[in-house]
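Enquirer: For reference, the structure I am asking about is given below.
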Amino acid sequence: MDNSVESAVNAGSLVSSDAEEDVLSLVQRAKKGDLSAFDSLIVRYRQRLYSVIYNMTMNAEDAADLSQESFVKAFRSLAKFQEKSSFYTWLYRIGVNLTLTHLKKRKIRQFFSFDQASEDGGMSKDLEAVSSTSNTSVKKALNNELHEKLNEALSKLSDKHRTIVVLFEIDGLGHKEIANIMKCTEGTVRSRLFYAKQQLQSYLADYLN
């Protein structure tokens, strides 16, 4: 059955969920062994999970592999899901933890680009101001240098700080949701986010002034 899940994630040939069924119903059905219900959960969350992991690793292949691994692990651990939090929070926690472990083992200190986030409208105004300018000609002239400096600044953040920025700025999750995913307090999320933004502003001071 695990192979079926892996094949479904890879091929994308998943059963569409009934629009009237809520996530809890799908989870309960999946717990009883209904693979189509779990497929529907994959359909709902695979793109969001992939986006988060990609912005943590900046590697499409790693993001695809880790997304698949996250769903397989979620399927195997579904009986342990006590429904005290939302399913996607529980799923994101699995994905984020697997990715942090991956980054730690590989000693990858990579960074994410805001290009896709800007196109998707997922970037906050503060960070959008850093990576864009109203003057098109100036933007073209400074684009390479600006992105180089931005990436350099982001690479200096720790994995945990960068992860929180990804979840907040790119995926649009709230402090409480991020706290559940990262297994920390909302206060810790706020302080890490504040620290990360302060660090980015410091690193990019010449471009913000």
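Enquirer: With each pseudo-label sitting 7 Å past Cα toward Cβ, what's the LYS80-SER158 distance in nm, one decimal?
Expert: With each label point 7 Å from Cα toward Cβ, the separation is 2.4 nm.
Enquirer: List, in order, the whole-Hz ³J(HN,Hα) value for each residue of the range 77-83 obtained from phi through the Karplus relation with A = 6.51, B = -1.76, C = 1.60 and θ = phi - 60°; use x for Gly and Pro.
Expert: Coupling constants for the range 77-83: 9, 4, 4, 7, 6, 8, 6 Hz.
Enquirer: Shifting gears a bit: Quick one: order THR188, THR99 by neighbouring beta-carbon count within 10 Å, fewest to most.
Expert: Ranking THR188, THR99 by Cβ neighbours within 10 Å, fewest first, gives THR188, THR99.
Enquirer: Which of the residue pairs LYS32/LYS160; LYS176/LYS197; LYS32/LYS105; LYS80/LYS156 have a Cα-Cα distance greater than 25 Å in the structure shown?
Expert: LYS32/LYS160; LYS32/LYS105; LYS80/LYS156
FYI, it's all coordinate maths here, none of it is from the lab. If you're wondering where the values come from, they're calculated on a predicted model, not measured in any experiment. Glycine also receives a Cβ, built like all others from the backbone with ideal geometry; neighbour counts cover every protein chain displayed.
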